[in-house]
Structure formats: structure tokens, C-alpha cells
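The values are calculated or read from the model by the stated rules, or taken from the named source; none is laboratory data. Since we're looking at a predicted model, the values are computed, not measured. In this analysis, Cβ positions are derived from the backbone assuming ideal geometry, glycine residues included, and neighbour counts consider all displayed protein chains.
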Amino acid sequence: MNRNDFIVAPEEVFSMYVVKPQTDVPETELVKGSLSHLVNTEKLTLSFLKMEKFSEFEVHTHPQTQIMIVVSGSCDEIIDGKLFHVTSGDVIYLPSGIPHGAFLNEEDCCAIDIFVGGRPDYLEKFYKQNPGCSLPFDGVSFW
């Protein structure tokens, strides 16, 4: 492979493949104290999430498999009725249908949530809270 065999992507196609969620996507409040920049495709939703200190993410379930990557801070993740103290660098696996939630302590927690199967409820919140805006890659299928 040689770099000279390829052309630099023109500006008009750049946004088809590349996005900076924290600057290009408006925030969506998922629950009180939890704001997210969402990226969505037909089969996947990414949530760049900031959960505020001393807030809570109520125990809930959903049919999507979820992977949570703690980027900074920490929280007490509730998984299937048990508390797990998770910190920066931890990766949490949440199978489809498992009850989970979180307690935030003395610090904010930033995480990236990956939902296989997409989160139509998050999309509904995005479009309701951000009228006239669109999400990058929304409806795109890569598989």
C-alpha cells in the first residue's frame, strides 16, 4: 500500500464519514443530570455522555446490547441489582434486557455508550429537544 495511490477526501464528502460529536452535535438531555452528544446509524447508536456529580440514572432495561466505556471520572454502576464502582478506562458490558442504572458521587463521569441495534428513544429525545437539527450518519448502514 502506498499513500500516493489515494486522493485526499474532498470537503463535500468528509462529513459522510467523519464527525466531532462534542462540537458538531447539539446536546440531548437523556435524564436529569445526563447530557449526551449522539451519533446514529441504522444499526448502532453512540452516546458521548456526561453524567453530573450527585445525579442518578434510574434503573432501567432496553433490548439493545450496550457497551459503556468510562472516559473520565467514576460512578457506581448498578448491574442486575449489584453495585460496581467503575472508573476511567473501565469497559462495562450490559447484555440485552439486564436491569442497570447509576449513582454519581463527588465527580462527573464521562462515558461513551455503544448500543447495538440503535436507540430510537434517544433519537426521539434528540429531535424533540433540537428541532430542525439532524444527526450525522442517521439511517446509514455500514453492515
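Here CYS133, CYS110 are screened, and the one residue that is in contact with a Ser or Thr (Cβ under 8 Å, 6 or more places away or on another chain) and either of a type in the set (S, T, N, Q) or closer than 30 Å to SER15 by Cβ (or both) is CYS110.
Taking the options HIS100, HIS60, HIS85, name whichever one is without any contact (Cβ under 8 Å) to a residue 12 or more places away in the chain and of a type outside the set (Phe, Trp, Tyr). Step through it out loud before you land on a result.
Values: HIS100 fails: without any contact (Cβ under 8 Å) to a residue 12 or more places away in the chain; HIS60 fails: without any contact (Cβ under 8 Å) to a residue 12 or more places away in the chain.
After applying the criteria, what remains is HIS85.
Please verify whether region 104-122 includes one or more residues that are within 13 Å of the chain's Cα centre (by Cα) and aromatic (Phe, Trp, Tyr). Yes: region 104-122 contains one or more residues that are within 13 Å of the chain's Cα centre (by Cα) and aromatic (Phe, Trp, Tyr). In this structure, PHE57 does satisfy being closer than 21 Å to GLY33 by Cα, at pLDDT below 95 and in contact with a strand residue (DSSP E or B) (Cβ under 7 Å, 6 or more places away or on another chain).
With a requirement of 1 or more residues that are small (Gly, Ala, Ser) and buried (at least 17 other Cβ atoms within 10 Å of the Cβ), the strands (runs of 3 or more DSSP E) lying completely within region 1-81 that satisfy it span 34-40, 44-51, 65-79. Determine the pairs where a residue that is without any contact (Cβ under 8 Å) to a residue 24 or more places away in the chain, located within region 33-51, has a partner that is of a type in the set (Val, Ile, Thr) with Cβ atoms under 9 Å apart, the partner being 6 or more residues away or on another chain. Matching pairs, first to second residue: LEU35/THR28; HIS37/THR23; HIS37/VAL25; HIS37/THR28.
The C-beta contact set for region 1-24 (first residue under 24 Å from VAL71 (Cβ atoms), second residue assigned to a loop (DSSP other than H, G, I, E, B), distance under 6 angstrom, 6+ apart or interchain) comprises VAL19/PRO136.
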